[in-house]
Amino acid sequence: MAAQNNHTEILQKLWVWSEEWQLNTNMLKEKLLLAKDKDGRTAWHCAAFFGKLEGLKTLWSFAKEVELNIDELLLAGAEQRQTALHLAAQNNHTEILQKLWVWTEEWQLNKNELKKKCYQLDKNGNTAWHHAACCGKLEALATLWSLDNEVEIKLDELLLVKTENGITALHMAAQKNHTEIHSPTII
């Protein structure tokens with residue numbers, strides 16, 4: 001709750017208290033950073049979903065302190081295997097999308113690894129791109145498009161990606177009547 005409400009002072013205090021109890025690194029990781037609610041969401045997911053950048057930054061600093069690896073945090077999936085990138089895209093949190101991208105780049109992954117990590121599929125085969133299109137989040141799509149150009153993503157890796165039901169982002173936008181997304185001006 002503190003993360004989703006951007007209460008960074010509370011996050012900091014909770015962290016300090018956990019350290020005072022001398023919890024080992026694994027306990028800090030498992031019981032705090034990777035603890036999931038009934039829907040499989042971590043504090044990280046909540047901060048991304050609600051667009052709480054300062055909360056996300058605070059959690060990122062904790063993750064670095066305990067040397068949590070990129071897969072454990074950035075790729076952690078909630079119940080539907082949605083990552084923080086999926087959640088930020090569907091809610092049009094462009095600052096979060098940009099920050100997640102920067103943090104992924106900090107790991108100095110090669111372009112193929114970066115693409116793989118940023119375009120993880122959720123349980124239904126959706127990427128963050130699909131989520132933004134389905135929810136009509138034009139700014140999120142534009143942000144993802146500009147970030148994608150940095151890694152030279154191919155047309156079939158973004159615009160033509162199909163879900164397990166054969167649905168592309170264009171199908172999703174059309175089904176939801178998001179006509180502004182169909183326009184070539186976003187690209």
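The values are calculated or read from the model by the stated rules, or taken from the named source; none is laboratory data. Everything numeric in this text was worked out from a predicted model, so none of it was measured. Note that we place each Cβ from the backbone using ideal geometry, even for glycine, and neighbour counts take in every protein chain shown.
Taking residues in the range 24-50 that are in a helix (DSSP H, G or I), and partners anywhere that are aromatic (Phe, Trp, Tyr), the pairs with Cβ atoms closer than 7 Å and at least 6 places apart or on different chains are Leu33/Phe62.
In the set (1) surrounded by fewer than 18 Cβ atoms within 10 Å (Cβ to Cβ); (2) basic (Lys, Arg); (3) at pLDDT 85 or above, Arg81 fails one condition alone, (3). If you go through the range 64-78 and keep only what is surrounded by fewer than 21 Cβ atoms within 10 Å (Cβ to Cβ), out of contact with any Ser or Thr (no Cβ under 8 Å at 6 or more places or on another chain) and in a helix (DSSP H, G or I), you end up with Lys64, Glu65, Asp71, Glu72.
Among the residues of the range 137-146, is any part of a helix (DSSP H, G or I), at pLDDT 75 or above, over 25 Å from Lys57 (Cβ atoms) and not assigned by TED's automatic domain parsing to the domain that holds Trp60? Scanning the range 137-146, I find at least one residue that is part of a helix (DSSP H, G or I), at pLDDT 75 or above, over 25 Å from Lys57 (Cβ atoms) and not assigned by TED's automatic domain parsing to the domain that holds Trp60, so the answer is yes.
Selection of the range 20-56 for residues being more than 16 Å from Leu73 (Cα to Cα), surrounded by 12 or more Cβ atoms within 10 Å (Cβ to Cβ) and over 23 Å from the mean Cα position of the chain (by Cα) yields only Leu23.
For every residue, the table says whether it meets (1) at pLDDT below 85; (2) under 21 Å from Ile167 (Cβ atoms); (3) outside the structural domain of Ala173 (by TED's automatic domain parsing); (4) among the hydrophobic types (A, V, I, L, M, F, W, C).
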position: Lys36; (1), (2), (3), (4): no, no, yes, no
position: Cys46; (1), (2), (3), (4): no, no, yes, yes
position: Lys52; (1), (2), (3), (4): no, no, yes, no
position: Lys64; (1), (2), (3), (4): no, no, yes, no
position: His86; (1), (2), (3), (4): no, yes, no, no
position: Asn92; (1), (2), (3), (4): no, yes, no, no
position: Leu97; (1), (2), (3), (4): no, no, no, yes
position: Glu106; (1), (2), (3), (4): yes, no, no, no
position: Lys115; (1), (2), (3), (4): yes, yes, no, no
